[in-house]
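Novice: Here it is, the structure in full.
The values are calculated or read from the model by the stated rules, or taken from the named source; none is laboratory data. What you see is a predicted model; the values in this text were computed from it and never measured. Cβ atoms come from the backbone with ideal geometry, glycine included; neighbour counts cover every protein chain shown. Remember, those area values only see protein heavy atoms, side chains included, never the ligands or the DNA or RNA. Shrake-Rupley method; radii C 1.70, N 1.55, O 1.52, S 1.80 Å.
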Amino acid sequence: GNGVTTIGGWAFEGCSSLKSIVVPKNVENFGEDIFSNCPYLLTIIYLSDYYSKEGSNATVYNLTDFLPINEYVYSGKAPTFILHNNPPFYFRSSFDRSLIKQDVGTYTVPVPLMFNDGRSVSSFDIEYTYTIKPAKIKARIKNTSRTYGETNPKFETTYSGFVNGEDESVITSHGEYSTTATYKSDAGEYSIKQ
């Protein structure tokens, strides 16, 4: 169960009926030779980044090697989760993809998975956490000019890189502009900062 945090030494020693096991992500402490003398144990699936065979001859899988990336950039559409590395894991048909959010933020969604490596089959659910980051846009201050002795003109910025049909109307603040040029400054070029 997901409440298990420790598996003691030799916990399953000599268990001849054990063929596969899924070790929850919350398990942080492992004893010695947990699966020693388990002759029919073929598969150990760790939902964390743990890898040990723990005294067995089983094939070890680490789900974190196959999970989708957990960071996305806002696109206006919900991310498409894709499992990596030609996995023996599959999304079960009960995966409700309408639960996947599309807005900027961090979310956790229940994901039903099935494991099938041709020797062992297991079904289980995981809590998958992912983050959607804001899309980056480019800002460029417009070049401008004025006549010596005049006050500085109003500075403006152009933006590019919007997604999902958005435009400059979504920008709530353009920040403050600054320049070393004053109405007393000599003729020449001066930088504008935003």
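Novice: Just give me the residues in the range 96-136 being open to solvent by 70 Å² or more (accessible area, probe 1.4 Å), among the hydrophobic types (A, V, I, L, M, F, W, C) and outside any strand (DSSP E or B), in sequence order.
Specialist: Correct list: 99, 104.
Novice: In the range 128-154, what residues are touching a residue at least 24 places away in the same chain (Cβ under 8 Å) and within 36 Å of the chain's Cα centre (by Cα)?
Specialist: 128, 129, 130, 131, 132, 133, 134, 135, 136, 137, 139, 141
Novice: Could you list, ordered by first residue, the pairs with Cβ atoms under 9 Å in which the first is in the range 69-92 and of a type in the set (S, T, N, Q) and the second is open to solvent by 30 Å² or more (accessible area, probe 1.4 Å), at least 6 apart or interchain?
Specialist: The qualifying pairs are 70/129; 70/131; 75/102; 75/135; 75/163; 75/164; 80/97; 85/65.
Novice: Could you list, in sequence order, all residues of the range 69-95 that are within 24 Å of residue 122 (Cβ to Cβ) and assigned to a strand (DSSP E or B)?
Specialist: Taking the range 69-95 and keeping what is within 24 Å of residue 122 (Cβ to Cβ), we get 69-70, 81-95.
Residues satisfying the conditions are 89, 90, 91.
Novice: Show the residue pairs meeting these rules: Cβ distance below 7 Å; 6+ apart or different chains; first residue within the range 43-55 and closer than 13 Å to residue 28 by Cα; second residue open to solvent by less than 10 Å² (accessible area, probe 1.4 Å) and assigned to a loop (DSSP other than H, G, I, E, B).
Specialist: 48/27
Novice: Inside the range 161-177, can you point out the residues that are small (Gly, Ala, Ser) and open to solvent by 60 Å² or more (accessible area, probe 1.4 Å)? Outline the logic, then answer.
Specialist: Within the range 161-177, the first condition is being small (Gly, Ala, Ser), and the residues that meet it are 161, 165, 169, 173, 175.
Correct list: 165, 169, 173.
Novice: If a residue must be in a loop (DSSP other than H, G, I, E, B), at pLDDT below 90 and of a type in the set (Val, Ile, Thr), how many such residues does the range 164-194 contain?
Specialist: The number of residues fulfilling the criteria is 2.
Novice: Looking at residue 121 and the list (1) among the hydrophobic types (A, V, I, L, M, F, W, C); (2) farther than 30 Å from residue 58 by Cα; (3) at pLDDT below 90, which single condition is not satisfied?
Specialist: Residue 121 satisfies every listed condition except (2).
Novice: Can you confirm whether the range 83-92 contains a residue that is open to solvent by 30 Å² or more (accessible area, probe 1.4 Å) and over 20 Å from residue 65 (Cβ atoms)?
Specialist: no
Novice: OK, next. Those residues that are part of a loop (DSSP other than H, G, I, E, B), surrounded by fewer than 16 Cβ atoms within 10 Å (Cβ to Cβ) and of a type in the set (S, T, N, Q), I need them from the range 3-40; list them, please.
Specialist: 5, 16, 17, 26, 37
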